[in-house]
Amino acid sequence: MGQQQHEHVRVAVIGSGFGGLGAAVRLRREGITDFVVLERADSVGGTWRDNSYPGCACDVPSHLYSFSFAPNPDWPRTFSGQEHIRAYLEHVTDTFRLRPHLRLKHEVLMMRWDTDALRWEIETSRGTLTADVVVSATGPLSDPKTPDVPGLADFPGKVFHSARWDHDHDLRGKRVAMIGTGASAIQIVPSIQPEVGRLTLFQRTPAWVMPRVDRKISGAERWLHRQLPITGTARRGLLWGIRELQVQAFTKRPNELGLVERIAKANMHKAIKDPALRAKLTPSYRIGCKRILLSSTYYPALAQPNVDVVASGLKEVRGSTVVAADGTQTEADVIIFGTGFRVTDMPIAERVVGAEGTTLAEVWKDGMESLRGATAAGFPNWMTIIGPNTGLGNSSMILMIESQLNYMADYMRQLNLLGEGSALAARPSSVHAWNRRVQERMKRTVWNTGGCTSWYLDASGRNTTIWPGTTTEFRSATRHVDLSEYEVIRAARRKPVAEIVTQDTEAVV
């Protein structure tokens, strides 16, 4: 390391979505004000800033998709749109006085652990700083995934990903090829169908789509939640409880999901009268294996005369001709990719260099692994929010984020008790033991047994994204840091000290 002096902070938080802003609020509540939030964009919001495509909205009810410590009595709809969620995050930023900590347009280019100084050296697009602790909250839905399609570079029309929507490009009267049938596509299709000339949907695998029971929240309801906050808390609790009861069907008894499949089929049959189109849109796997989608407008849009459904993925592009894997050819002026994100190979992992001089991407090349979804072996004083196996298939990720914030808070308390010049490094044996138990539980879940290939699975077919239990179980598992799962490193000795065992010795998995 050079001798040049850099700004030093106690904690550097990476990202300003729900995870990063939540971490910032929790740090302040813990009395820690010596921190920065590094954000590559020019405003906060994370995925709710980046995804601004037509129809973008959340598929989790508003009162559950918000922080428990920052309830919003004024949600306008039961399922809020992107603009309302982004406004909520701006409100959280102001309410909890986070702006002085924000470093906008500071993209993290590289983070390296300094074994001698026991700190992270962080190179950003605006300079270098150091931090005792890094909290990575970049999120799994931050870097779009666009397939490498032969001929795409020579397409004469417009090409963009749903997460990088080009609002300056007018789609009216255009021939549009929509690639993908995930959560973004089923919102985009009904939003643009009335204005485009022709819309061709390239569907590699059909999705299970349930009705979206969305409505305006009345002024009386909002007044009640403002005047009696306990009513908003009760509403949130009811929404949470219903989803907790559903978990058993996803994790232990997938065969019980047959009734849900019948509801989804009825939703389709109500709008799709053509038997051939119904056949294309009917999944062959168990509902829940892929994320269940919510929409009451998707199927009606597909039934319109200016929409074609190609039951095949995109194979190549020949000039302005878009060619499917089954040979179907379509002329297009615009190609829109709704092909998801780099979830199991997050780019941020390529920018984190640990104690052994290897990147996190190299350590995770055979699959992501972390201890309690938070810390990785070989990367002292580094934590991630929404880490491996913390995703949910049926509830709000804000619940999981808040559990991880509990763990982060206790992690910081333990470091403070250990004193200056200390670091915590997750033991490889602890990381492996935790993940063995997680993967053992995963074997019975619908995500592994449902007969589909989803973005929940990595390149080797292992589910490294979903939590195979309830949010209550995860909260219990992350309530405290168990020091027996860590090596305590001190700067003076530059090597691990004797194992410290606390009363929390049993992993809750």
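The values are calculated or read from the model by the stated rules, or taken from the named source; none is laboratory data. Quick caveat, the model's predicted, so the values are computed rather than measured. Counting neighbours? That spans all protein chains shown, and the Cβs are built from the backbone with ideal geometry, glycine included. Surface accessibility is based on the protein's heavy atoms, side chains included, excluding ligands, DNA and RNA. Shrake-Rupley method; radii C 1.70, N 1.55, O 1.52, S 1.80 Å.
Of all residues assigned to segment 330-338, at least one qualifies as being open to solvent by 30 Å² or more (accessible area, probe 1.4 Å) and closer than 22 Å to Ala185 by Cα. Filter segment 392-401 down to residues that are touching a strand residue (DSSP E or B) at 6+ places or on another chain (Cβ under 9 Å) and either part of a loop (DSSP other than H, G, I, E, B) or open to solvent by less than 10 Å² (accessible area, probe 1.4 Å) (or both) and give me whichever is modelled with the lowest pLDDT. Looking at the filtered set, the residue picked out is Gly393. Looking across segment 283-307 at every residue that is among the β-branched types (Val, Ile, Thr) and in contact with a Lys or Arg (Cβ under 9 Å, 6 or more places away or on another chain), the one that is nearest to Tyr456 (Cα to Cα) is identified as Thr297. Condition test on Ala153, is it of a type in the set (Gly, Ala, Ser), open to solvent by 50 Å² or more (accessible area, probe 1.4 Å) and under 20 Å from Leu314 (Cβ atoms)? Taking the combined requirement at face value, the residue satisfies it. Scanning segment 278-292 for residues that are more than 19 Å from Thr200 (Cβ to Cβ), of a type outside the set (D, E, K, R) and surrounded by 12 or more Cβ atoms within 10 Å (Cβ to Cβ) yields Thr282, Pro283, Tyr285, Ile287, Gly288, Cys289, Ile292. In segment 293-307 there is at least one residue matching the filter, namely being among the aromatic types (Phe, Trp, Tyr), in a helix (DSSP H, G or I), touching a helix residue (DSSP H, G or I) at 6+ places or on another chain (Cβ under 7 Å) and within 29 Å of Val446 (Cα to Cα). The set of residues in segment 347-372 that are of a type outside the set (D, E, K, R), part of a helix (DSSP H, G or I) and open to solvent by 10 Å² or more (accessible area, probe 1.4 Å) comprises Pro347, Ile348, Ala361, Val363. Listed by position, the helices (runs of 4 or more DSSP H) contained in segment 204-277 that have at least 2 residues being out of contact with any helix residue (DSSP H, G or I) (no Cβ under 6 Å at 6 or more places or on another chain), within 16 Å of Leu302 (Cβ to Cβ) and open to solvent by 30 Å² or more (accessible area, probe 1.4 Å) are 258-271. Scan segment 336-345 and tell me whether some residue there is at pLDDT below 95 and among the aliphatic types (A, V, I, L, M). There is at least one residue in segment 336-345 that is at pLDDT below 95 and among the aliphatic types (A, V, I, L, M). Evaluate segment 493-500: report whether one residue or more is in contact with a helix residue (DSSP H, G or I) (Cβ under 7 Å, 6 or more places away or on another chain) and either open to solvent by 20 Å² or more (accessible area, probe 1.4 Å) or modelled with pLDDT under 95 (or both). There is at least one residue in segment 493-500 that is in contact with a helix residue (DSSP H, G or I) (Cβ under 7 Å, 6 or more places away or on another chain) and either open to solvent by 20 Å² or more (accessible area, probe 1.4 Å) or modelled with pLDDT under 95 (or both). Within segment 438-486, the set of residues being of a type in the set (Lys, Arg) and farther than 30 Å from Leu417 by Cα comprises Arg441, Lys443, Arg444, Arg462.
Taking segment 373-390 as the range and being touching a helix residue (DSSP H, G or I) at 6+ places or on another chain (Cβ under 7 Å) and open to solvent by less than 10 Å² (accessible area, probe 1.4 Å) as the test, the residues that pass are Gly373, Ala374, Ala376, Phe379, Met383, Ile385, Asn389, Thr390.
Taking every residue in segment 55-68 that is among the small types (Gly, Ala, Ser) and pairing it with any residue that is open to solvent by 10 Å² or more (accessible area, probe 1.4 Å) and in a loop (DSSP other than H, G, I, E, B), at least 6 positions away or on another chain, the pairs with Cβ-Cβ distances below 7 Å are Ala57/Phe79; Ser62/Thr78; Ser62/Phe79; Ser66/Asn72.
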